[in-house]
Amino acid sequence: MNNIPKYDPAAVETKWQRHWNENHSFAAEKSHDKPKFYPLIEFPYPSGAGLHVGHPRSNTAMDIIARKRRMEGYNVLFPIGYDAFGLPTERYAIKNHIHPSIVTKQNIAHFHAQLQRLGFSFDYDREISTTDPKYYKWTQWIFLKLFEHGLAYKMEMPINWCPTCKVGLANEEVINGKCEKCGGEVVRRVKSQWMLKITEYAQKLIDGLDDVDFIERVKVQQRNWIGRSEGAEVDFHLSSGDALTVYTTRPDTLFGATYMVISPEHPLIESRKELIKNYDEVVAYREAAARKSDFERTEMNKDKTGVAIDGITATNPVTGTQIPVWVSDYVLMGYGTGAIMAVPAHDERDWEFAKKFDLPIIEVVAGGNVNEAAYTDIQDGVLVNSEFLNGMKVAEAKRAIIDYLVSKGIGHRKINFKLRDWVFSRQRYWGEPIPLVKCPCCGWVALPYDQLPLELPEVESYEPTDNGESPLAAMTDWVNTTCPKCGGPAQRETDTMPQWAGSSWYFLRYIDPFNDSELASMEEMKYWLPVDWYNGGMEHTTLHLLYSRFWHRFLYDIGVVPTPEPYQKRTSHGMILGGDGEKMSKSRGNVINPDDIVDKLGADAFRLYEMFMGAFDQAIPWSTEGAQGCRRFLDRVWRMMEFMTDEEGISEDMKYDVHACIKKVGEDYERMKYNTAIASMMSLVNGFYAKGSVTRGEMRVLMQLLNPVAPHITEEINELCHLNDCELIRNAWPAYDESALVKATVEIALQVNGKVRGRMDVPADLTREGASEYFLALDEVQKLIAGKPVKKLIFVPGRLVNIVV
RNA sequence: GCUGAAAUGGCGGAAUCGGCAGACGCAGCGGACUUAAAAUCCGCUAUUCGAAAGAAUGUACGGGUUCAAGUCCCGUUUUCAGCACCA
């Protein structure tokens, strides 16, 4: 072809982006005739810093799938929105005296422009923001439904308080005793908080995992976080006359229970203080434990401490032995019953404690050496010193002892979860107001649904307060209202919802974003749900991903949504690190700004590099030279126009390579092996260069394969060369021809005693049966074995032949 | 501490089922083009020995199974991630 213009990414990309925008090229079709496909990326938080190089990794990956599905004939909904409530915006607003809603608007505009510049095929017509009252009307609506069903409750409780952010945090937001957002030390603070009963859904959230296609580590992490365990509750009779109930997963070891431990906060200490001779000592221990921060508690978890209660003993219900009761902070009030039976022979913590305080250790499961270490194996151990359990395996003994406890009325089967309820209120301005009022006569009363949305009022100051009150509390005009039930004076809740509220259901709103009478129409949801493929960060596994599954399952239970699970498939991308292999951060000075790369190399090269740099699910250091190499590849693709011939078909000598590439690229995109898909296209292009020519037919296929990754340049080449009479995005995905993948001869390796001695071409249809005769007749084979007797000949068709002499 | 994943050239990585280790890219070296440089195109590029043909070694380390091991088994080291007294 003559008159090839120079490749100018900026011009080409602007042109096609405008074209797509004007034509709404990626708007999901209203009709439900076609099969649907709903891919989703986690909607970004529109920070002032703009897009990070991490965003395009996930976005491009799903964009490739979305674009491929459109070519395959699906009706695709690939939406975008903004998770815009949150602390950084509020902080910026406070510092610069701008209303957070204005900051949010500016940041969203910036993000929108950056996303468009990267050519993502989002349906921008459905763009949403969680801060839009038309949106958060429905976030509040869902909260009221939870409240109505008894799943939201307010409770005075010690919470995780971040003194830097001046806000309470959910358990999921505390990482190693530090605040997830600012890294500051988290302290305990007693506050009255709204809680959501996610624990009621613990079992459903575990069971639901069986029916979805999530990558294994996500399932494992969610299961561990929910932490289901099966065991029994057993009552121990105390000398005080009380029954002390413990939870244990090892009821089979009951005969080995040589002492008991209650947590320092256990109510028994107060209710029986008159019997406790060393009450002062116990209280001093409790206070010392309370002063320990979470950090100290975990740091010191190897060194056990405790105090024996003087004055109360317990009776082991099966042996009748009197055993002591201790207080120790290795037993937590928040799990089980806050009390345990200690079996030092078969529990590591109890073993350590018993060694330190010289308490008896009785072996009841044979198989280890309990003087050396606790024996915790539950597979092979056999019960001993346990009367009627003797000789049984652990699993059998568990069943037998529970039956016994039930028959005596002193115990029963019990399932426990580590999952805690979700702390749902935040003492902040920039969040969804909680639509409840407190009435002195009626208690907490829900706002009627027709009064939603309850909009955020304008306030003078968004500053959080040190006393733990939301800035809204100072707005007396807004706070003082009337009770919707009795009409008397009442006050609004002034805490707001956490950032996780708006993101717990946003994928539903995309389906029907302008609906003012429902959160989304059932008919539309029946067509679009569930989300077919959701890619996002591992850091959200026990936060957003779990929370949104909980909300969705609740909405399903009350008949609002048609599917029990929101997401069919979940994958996760690896982080992009700085060039030094460290996490990108301003302080390290290794941050790469996507805009700079797009300016220098173009969006297509940037997208291509983000997909080519390495395995999609692994952390990869950034390399600007590597990105440059991807730009070089696109330059080479562009220059292929110089030697393109007018032939429409695929030339005979390239047939195998072209069809193998179609197969490879299609399969690799689906498996998120973008790096090898791109490598195979690079090899194909190298082949055309080696040959010095490419046909129009070959060019057409290459453009179709490359289009999902590099949509602008391929569209431009398609137009310049009139490869198709329509845009590539309206093209069908190419199919490969099985017969073209069959070769007449294949190159195999020739091994002698397992060592490669050469390569040779053999007929592709050579079978194992004919192999021996075929190979031993060859001169080169005879030369290599040099007359030695052949012991064995192994032939793997298409791979190698190995002659053992 | 427990659990899980991983370790491959100078670098990022590839090798789908136990079957030719190092695809593809980066960096480097050489050549062509050019007054020159850049760009581009072509070639080389795991290590050691060798002029070459070739040979030996080689996928964190030590063993093992197999005709054949990056891949499977046992042990060790290191790195990363998750959980962190959940009875």
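Some points to look at:
- Hypothetical label at A:Thr767: residues of the stretch A:791-805 whose amide nitrogen lies under 16 Å (7 Å Cα-Cβ projection): A:795-798
- Net charge, A:Lys36 excluded, C-beta distance under 11 Å - Lys, Arg +1, Asp, Glu -1: -1
- Label-point separation in nm, A:Arg413 to A:Cys442, each point 7 Å along Cα→Cβ: 4.4 nm
- Charge dipole (chain A, unit charges on Cβ, about Cα centre) - positive-most of A:Gly183, A:Phe554, A:Pro88: A:Gly183
- Here's how it looks for A:Lys414: its modeled amide H is under 5 Å from those of A:Gly231, A:Ala232, A:Glu233, which are all 5 or more places away or on a different chain.
- Counting only Cβ charges, +1 for Lys and Arg and -1 for Asp and Glu, the dipole size of the stretch A:502-557 around its Cα centre is about 220 debye.
- Nearest 10 degrees, 0 to 90: helix A:394-408 Cα axis against chain A principal axis: 40 degrees
- Set A:Lys166/A:Lys219; A:Lys181/A:Lys304; A:Lys569/A:Lys663; A:Lys68/A:Lys664; A:Lys137/A:Lys181 screened for pairs whose C-alpha atoms are more than 21 Å apart: A:Lys166/A:Lys219; A:Lys181/A:Lys304; A:Lys569/A:Lys663; A:Lys137/A:Lys181
- Placing unit charges on the Cβ atoms of the charged side chains and taking the dipole of chain A about its Cα centre, the candidate lying farthest along the positive direction among A:Val479, A:Ala366, A:Pro513 is A:Ala366.
- Average accessible surface for chain A: 43 Å² per residue, computed with a 1.4 Å probe over protein heavy atoms with every protein chain in place.
- About the centre of its Cα atoms, chain A shows a dipole size close to 920 debye [charges on the beta carbon of Lys, Arg (+1) and Asp, Glu (-1) only; nearest 20 debye].
- Placing +1 on the Cβ of every Lys and Arg and -1 on the Cβ of every Asp and Glu, with nothing else charged, gives the stretch A:548-707 a dipole about its Cα centre of roughly 480 debye.
- Cα gyration tensor shape for the stretch A:362-411, rounded if a/c is under 1.5, else prolate or oblate: prolate
- Chain A: angle of helix A:54-71 to the longest principal axis, Cα-based, in degrees nearest 10: 60 degrees
- Value of relative contact order over chain A, rounded to a whole percent, pairs C-alpha under 8 Å and six or more apart: 14 percent
- When nucleic acids and ligands are ignored and a 1.4 Å probe is applied, A:Asp242 ends up with an accessible area of around 40 Å².
- Bridging of A:Lys791 to lysines at a Cα separation below 19 Å is possible for A:Lys755, A:Lys783, once same-chain residues fewer than 8 apart are set aside.
- Using only Cα coordinates, the Kirkwood hydrodynamic radius of the stretch A:59-143 works out to 14.8 Å.
- Fraction of accessible area attributable to carbon and sulfur, chain A (%, probe 1.4 Å): 50 percent
- Cα-based shape type of the stretch A:462-515, given that a ≥ b ≥ c are square roots of the gyration tensor eigenvalues and the cut on a/c is 1.5: oblate
- Here the 3J(HN,Hα) profile of the stretch A:32-47, calculated from phi with Karplus coefficients 6.51, -1.76 and 1.60 at θ = phi - 60°, is 9, 6, 7, x, 9, 9, 10, x, 9, 10, 5, 5, x, 8, x, 7 Hz, Gly and Pro shown as x.
- For A:Val742, net neighbour charge (Lys/Arg +1, Asp/Glu -1) across residues whose Cβ lies under 12 Å away: -1
- Each other residue within a Cβ distance under 12 Å of A:Ile401 adds +1 if Lys or Arg and -1 if Asp or Glu, for a net charge of +1.
- Sites counted here are GluC sites (Glu not before Pro) in a DSSP loop (not H, G, I, E or B) having no more than 11 other Cβ atoms within 10 Å; the longest part of chain A that contains none of them is A:1-371.
- Listed residue (A:Gly311, A:Ala284, A:Trp225) projecting farthest to the positive dipole end of the stretch A:187-312, Cβ model: A:Ala284
- On Cα atoms only, tilt of A:624-639 relative to the major axis of chain A in degrees: 30 degrees
- Overall form of chain A per C-alpha gyration tensor (a/c, 1.5; a/b vs b/c): oblate
- Note on A:Glu518 and A:Thr563: the extension gain reaches 14.5 nm, defined as 0.36 nm multiplied by sequence separation minus the Cα-Cα distance.
The values are calculated or read from the model by the stated rules, or taken from the named source; none is laboratory data. All figures in this text were calculated on a predicted structure; none of them were measured in a lab. For neighbour counting, all protein chains shown are included, and Cβ atoms are generated from backbone atoms with ideal geometry for every residue, glycine included. We work out accessible area using only protein heavy atoms, side chains counted, and drop any ligands, DNA or RNA first. Shrake-Rupley method; radii C 1.70, N 1.55, O 1.52, S 1.80 Å.
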